[in-house]
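Student: The structure that follows is given in the form of structure tokens.
The values are calculated or read from the model by the stated rules, or taken from the named source; none is laboratory data. Only a predicted model underlies this, so the values are computations on that prediction, with no experimental measurement involved. Glycine gets a Cβ as well: all are built from the backbone with ideal geometry, and neighbour counts include every protein chain shown. Note: areas computed on protein heavy atoms with side chains; ligands, DNA, RNA excluded. Shrake-Rupley method; radii C 1.70, N 1.55, O 1.52, S 1.80 Å.
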Amino acid sequence: MNCNKYLDIAPEVAEALAEGKPVVALESTIISHGMPYPQNRDTALKVEEIIRSLGAVPATIAIIGGRLKAGLSPDEIDYLGRTGSGVAKASRRDLPVLVAKGMDGATTVTTTMMIAAMAGIRVFATGGIGGVHRGAEVTMDISADLEELAETPVMVICAGAKSILDLGLTLEYLETKGVTVIGYGTEELPAFYTRKSGFGVDYRLDTPEELAKAFHVKRELNLRGGMLVTNPIPEEYSMDADTINKAISEAVAEAKAQGIHGKATTPFLLAKIKDLTGGDSLDSNIQLVFNNARLAAKTAVELSKLEK
Ligand code: PSU
Ligand code: MN
């Protein structure tokens, strides 16, 4: 466990880390900007329950009153859910000012990885990551998440990336940066709402033990950076590819027409897709987060055996 004067580690999380017990980090932008209230709060609380039921300790991460928090109370989770996009979406570049001014921030994959690493947490479960946006060859819109994966030693377990992104360019970028992309039980990169994307991953691994071992070896080799595990949405919750791809194309066209750019792009697209698909995409989204939380908890349990 590490110390930093701006970091507050919740007592339950601090105790687990001190004893080498498994801990799973969770992000908060998915709560504030990724889902509507109250489903966002209920999902976040249920994810914590799932992680506990599998023998790990959850640490939901956010910035509250300028403090970097590893581990939130149910009230803090409710506050982020209720306030929604009224809370700043905090990426790496936002941290200094939010902390200096004592503000609140919802952490993206980037800042959740940063704060997890500061606390000594190695496994992180989320829904989807940011990546290279469609049209990035003109807009240069490339998520800071990819740089963080290249630098910060945290395993990120997600359901792949939505095709609001250019998945091919996202994989090229990760390859350049030396980030291993693993498919859990699959050779194909999952596309969040669907199990298939048409793009291959670097390696297929089939058990939490194998995931833990690969990450452990990476650490022992002193290789910097994280690892990306892509876990396909369970078949019964996956969406029809044509339906979702049509909604995504419409959302991307609408964002372009309205001149949406910068940090607003991803939340705009997520909200638009949810509107266009009714409740379906939200249900799928919730289920894939549960699925990732289960895999992350099992992997954290295996990793704690290797890193005792
Ligand atoms: N993709 C999703 N759901 C999300 C996000 C991305 O399917 O909630 C959020 C995550 O917090 C991710 C962030 O780190 O959006 C990426 O934002 P940007 O593209 O602005 O880097
Ligand atoms: Mn961006």
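Student: Can you pull out the residues in the range 117-146 that are more than 7 Å from ligand 1 (Cβ to nearest atom) and under 12 Å from the mean Cα position of the chain (by Cα)?
Tutor: V123, F124, A125, G131, L146
Student: Taking G178 as the residue in question, decide whether it is in contact with an Asp or Glu (Cβ under 6 Å, 6 or more places away or on another chain) and at positive phi. I'd like the intermediate steps shown before the answer.
Tutor: Numbers: in contact with an Asp or Glu (Cβ under 6 Å, 6 or more places away or on another chain): no; at positive phi: yes.
Taking the combined requirement at face value, the residue does not satisfy it.
Student: Could you please find all residues in the range 1-52 being over 23 Å from N292 (Cβ atoms) and of a type in the set (A, V, I, L, M)?
Tutor: M1, L7, A14, A18
Residues checked against (1) over 23 Å from S284 (Cβ atoms); (2) more than 16 Å from ligand 2 (Cβ to nearest atom); (3) among the hydroxyl-bearing types (S, T, Y); (4) under 16 Å from the mean Cα position of the chain (by Cα):
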{"position": "E148", "(1), (2), (3), (4)": "yes, no, no, yes"}
{"position": "V154", "(1), (2), (3), (4)": "yes, yes, no, yes"}
{"position": "A161", "(1), (2), (3), (4)": "no, no, no, yes"}
{"position": "K177", "(1), (2), (3), (4)": "yes, yes, no, no"}
{"position": "E188", "(1), (2), (3), (4)": "no, yes, no, no"}
{"position": "F192", "(1), (2), (3), (4)": "no, yes, no, yes"}
{"position": "K218", "(1), (2), (3), (4)": "yes, yes, no, no"}
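Student: Can you confirm whether E210 is farther than 25 Å from F124 by Cβ and away from ligand 2 (no atom under 16 Å from the Cβ)? Write out each step before concluding.
Tutor: Values: farther than 25 Å from F124 by Cβ: no; away from ligand 2 (no atom under 16 Å from the Cβ): yes.
When the stated conditions are applied, E210 does not pass them.
Student: Out of all the residues in the range 237-248, is one or more without any contact (Cβ under 8 Å) to a residue 60 or more places away in the chain, of a type in the set (S, T, N, Q) and within 16 Å of ligand 2 (Cβ to nearest atom)?
Tutor: No, that holds for no residue.
Student: Filter the range 253-308 down to the residues that are in contact with a Ser or Thr (Cβ under 8 Å, 6 or more places away or on another chain), open to solvent by 30 Å² or more (accessible area, probe 1.4 Å) and within 16 Å of ligand 2 (Cβ to nearest atom) and list them by number.
Tutor: H261, K263, T266
Student: Something else about it: Does the range 183-190 contain any residue that is within 13 Å of ligand 1 (Cβ to nearest atom) and of a type in the set (D, E)? Explain how you work it out, then say what you get.
Tutor: Within the range 183-190, the first condition is being within 13 Å of ligand 1 (Cβ to nearest atom), and the residues that meet it are 190.
Still in the list and also of a type in the set (D, E): none.
Within the range 183-190 (the criterion being within 13 Å of ligand 1 (Cβ to nearest atom) and of a type in the set (D, E)), the answer is no, since none of the residues qualifies.
Student: Which of the strands (runs of 3 or more DSSP E) contained wholly in the range 9-92 include at least 3 residues that are at pLDDT 95 or above, of a type in the set (G, A, S) and open to solvent by less than 20 Å² (accessible area, probe 1.4 Å)? It would help to see each step written out before you state the result.
Tutor: Values: elements: 23-26, 57-64, 67-70, 88-90.
Output list is empty.
Student: Residue pairs, Cβ under 7 Å, 6 or more apart or interchain, first in the range 262-277 and away from ligand 1 (no atom under 11 Å from the Cβ), second open to solvent by 50 Å² or more (accessible area, probe 1.4 Å). List them.
Tutor: Qualifying pairs under 7 Å: K272/E254; L276/E250; T277/T243.
Student: Ok, one more. Step by step: first the residues of the range 100-113, then only those that are in contact with a strand residue (DSSP E or B) (Cβ under 8 Å, 6 or more places away or on another chain) and open to solvent by 30 Å² or more (accessible area, probe 1.4 Å), then the one that is farthest from S238 (Cα to Cα). Which residue is that? Please lay out each step first, then the result.
Tutor: Here is the first cut: in the range 100-113, the ones in contact with a strand residue (DSSP E or B) (Cβ under 8 Å, 6 or more places away or on another chain) are 103-109, 111-113.
Next cut, open to solvent by 30 Å² or more (accessible area, probe 1.4 Å) only: 103-104.
Details: M103: 38, D104: 34 Å.
Among those that are in contact with a strand residue (DSSP E or B) (Cβ under 8 Å, 6 or more places away or on another chain) and open to solvent by 30 Å² or more (accessible area, probe 1.4 Å), it is M103.
Student: Let me ask another. Under 9 Å by Cβ, and 6 or more places apart or on different chains, what pairs join a residue from the range 290-306 that is closer than 11 Å to V57 by Cα and among the hydroxyl-bearing types (S, T, Y) with one that is in a helix (DSSP H, G or I) and open to solvent by 10 Å² or more (accessible area, probe 1.4 Å)?
Tutor: Hits for this filter: zero, empty list.
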